[in-house]
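Single-structure report; data block below.
The values are calculated or read from the model by the stated rules, or taken from the named source; none is laboratory data. Only a predicted model underlies this, so the values are computations on that prediction, with no experimental measurement involved. Here Cβ is always computed from backbone atoms with ideal geometry, including for glycine, and neighbour counts include all displayed protein chains.
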Amino acid sequence: MKRFFKTLQNIFSIEELRTRIFYTIGFLIVFRLGSFIVLPGVDPEQLNQTSNSFFGMINTFLGGAFNRASIFALGIMPYISASIVIQLLSVAVPYFQKMQKEGESGRKKINQITRVLTIVITIAQASTYIAATIPAEAILIDNTFFLVSSMFILTAGTVFCMWLGERITEKGIGNGISMLIMIGIISSFPLAIVQEIGEKGTSGLLLLVLEFLALFFIVMSVVLLTTAVRRIPVQYARQVVGGSKKQLGKGQRSYIPLKVNTANVMPIIFAQSLMFLPSLVASAWADQNDTARYIAQTFATFTSLEYNITFAILIILFTFFYTAITINPKQMADDMKRNNAFIPGVKPGDPTADYISAVIDKITLPGALFLAIVAVLPAFANAAGISINFAQFYGGTSLIIMVGVILDTLQQIESYLLMRHYEGMMKSGKLKGRSQNVPAVSNDIL
């Protein structure tokens, strides 16, 4: 405990770090306040609570703003969608590939295109959101005027959230977009704990202790999944330092860190976005067909066995798909060859690409299986008697995002402490696994 308070003292003794922390807290408070401001012309008492699993996930990311018909009801999600589209285009379209290789100027162009695409997606999603989630009895003004004004306000709210995220990145700590999502998720955690304690009561004290112990070990497992890497040793060829043969520079040794969970949370997001389709399609024929009614009922809840088996299979498939489009072993092998680097015992060129590809395949399978298990854990937690609100923190997208953002934030703070020659936050002096990225790969969308 003494070490913990000493670390806090070191953190707040650095003026720049202290300022960044206060900036981050201030921007996050503004974001949370905005999530409680209801759209003009809406009666909040008449709003329906969304039960759809996909919409429920969005509501969790936005800290309840989705169900409250807030001005931040769409939040940062359109920006996430635009970023995913741009990343996929960067893999498939030569124009975006060229911009990626242009350095800082290319990055600025991509960011500008992402912002414009965000506005387009927000306008499309705003009209759908109003039609699908706000009942007619909750609208207190003219429908046409409400539709136009709300689309404008929701678009402005998303742009403002995007601006907040960029300001947190620039003036605060870490990735601002990820920070906004994390604060939305974690905002429901205290209430979930209170509800769980209220349901169990004093008679269920032992059960509560076991639940928190299980949550602790699950969080530690997700930390291991997030930080686990497979290191491929790399040897750099000797280079002539001077004109004399006696002045040969010693070849350097390094490694390529390949993350076990390269795809991060993207497979869960992709799979979750598809899981509401069976229920939606089957519900159209539910009245005439028993099979359609069964499918509609089965896939309407995330606790059913069929739902979780399908969900897990989709996550495994999307993990391999997303890993394949984000990591290019051929390009990595070519970059190594240009830099006079090689993997010991492996020939440069195609053999190196094949070797890296084989390693990726070997680590992706266990990573995909572990990710699928983590994704379906909330269903098992709910089946074990844990309330739905508290069970969602036992795995899934929410837990992975929270762990990833917290580790990134700790790594940022750690770097400031080490630069100012303060003792680090851990005895090892370094948060391993978070600061290392695969060369030429950007997979941290969130």
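Applying the criterion of being more than 25 Å from the chain's Cα centre (by Cα) and not in a helix (DSSP H, G or I) to the residues of region 102-137, the residue that is nearest to Asn328 (Cα to Cα) is Glu102. Residue-level check: of (1) part of a loop (DSSP other than H, G, I, E, B); (2) modelled with pLDDT of 85 or more, Ala263 misses just (2). Applying the condition of being small (Gly, Ala, Ser) and closer than 15 Å to Thr24 by Cα to region 152-208 and asking which residue is surrounded by the fewest Cβ atoms within 10 Å (Cβ to Cβ) yields Gly174. Looking at region 367-417, which of the residues that are over 19 Å from the mean Cα position of the chain (by Cα) and not in a helix (DSSP H, G or I) is nearest to Phe61 (Cα to Cα)? By that ranking, first place goes to Ser387.
The set of residues in region 3-42 being in a loop (DSSP other than H, G, I, E, B) and either touching a Gly at 6+ places or on another chain (Cβ under 6 Å) or surrounded by fewer than 17 Cβ atoms within 10 Å (Cβ to Cβ) (or both) consists of Ser35, Phe36, Ile37, Pro40. Among the criteria (1) outside the structural domain of Ala263 (by TED's automatic domain parsing); (2) at pLDDT below 85, the one Ser387 does not fulfil is (1). Against the criterion of being at pLDDT 90 or above and of a type in the set (Gly, Ala, Ser), Ser127 does not qualify.
Of everything in region 309-323 that is crowded, with 17+ Cβ neighbours inside 10 Å and β-branched (Val, Ile, Thr), the residue that is farthest from the chain's Cα centre (by Cα) is Thr310. Would you be able to say whether some residue in region 139-149 is in contact with a helix residue (DSSP H, G or I) (Cβ under 8 Å, 6 or more places away or on another chain) and small (Gly, Ala, Ser)? No, region 139-149 contains no residue that is in contact with a helix residue (DSSP H, G or I) (Cβ under 8 Å, 6 or more places away or on another chain) and small (Gly, Ala, Ser). Just one of Ile269, Ile313, Ile309, Ile295 is closer than 25 Å to Ile86 by Cβ, touching a helix residue (DSSP H, G or I) at 6+ places or on another chain (Cβ under 9 Å) and not in a strand (DSSP E or B); which is it? Exactly one of Ile269, Ile313, Ile309, Ile295 is closer than 25 Å to Ile86 by Cβ, touching a helix residue (DSSP H, G or I) at 6+ places or on another chain (Cβ under 9 Å) and not in a strand (DSSP E or B), namely Ile269. In region 174-213, of all residues being more than 21 Å from Gly34 (Cα to Cα) and not in a helix (DSSP H, G or I), the one that is farthest from the chain's Cα centre (by Cα) corresponds to Gly201. Of the residues making up region 119-137, those that are buried (at least 19 other Cβ atoms within 10 Å of the Cβ) and closer than 24 Å to Glu45 by Cβ are Ala126, Tyr129, Ile130, Thr133, Ile134.
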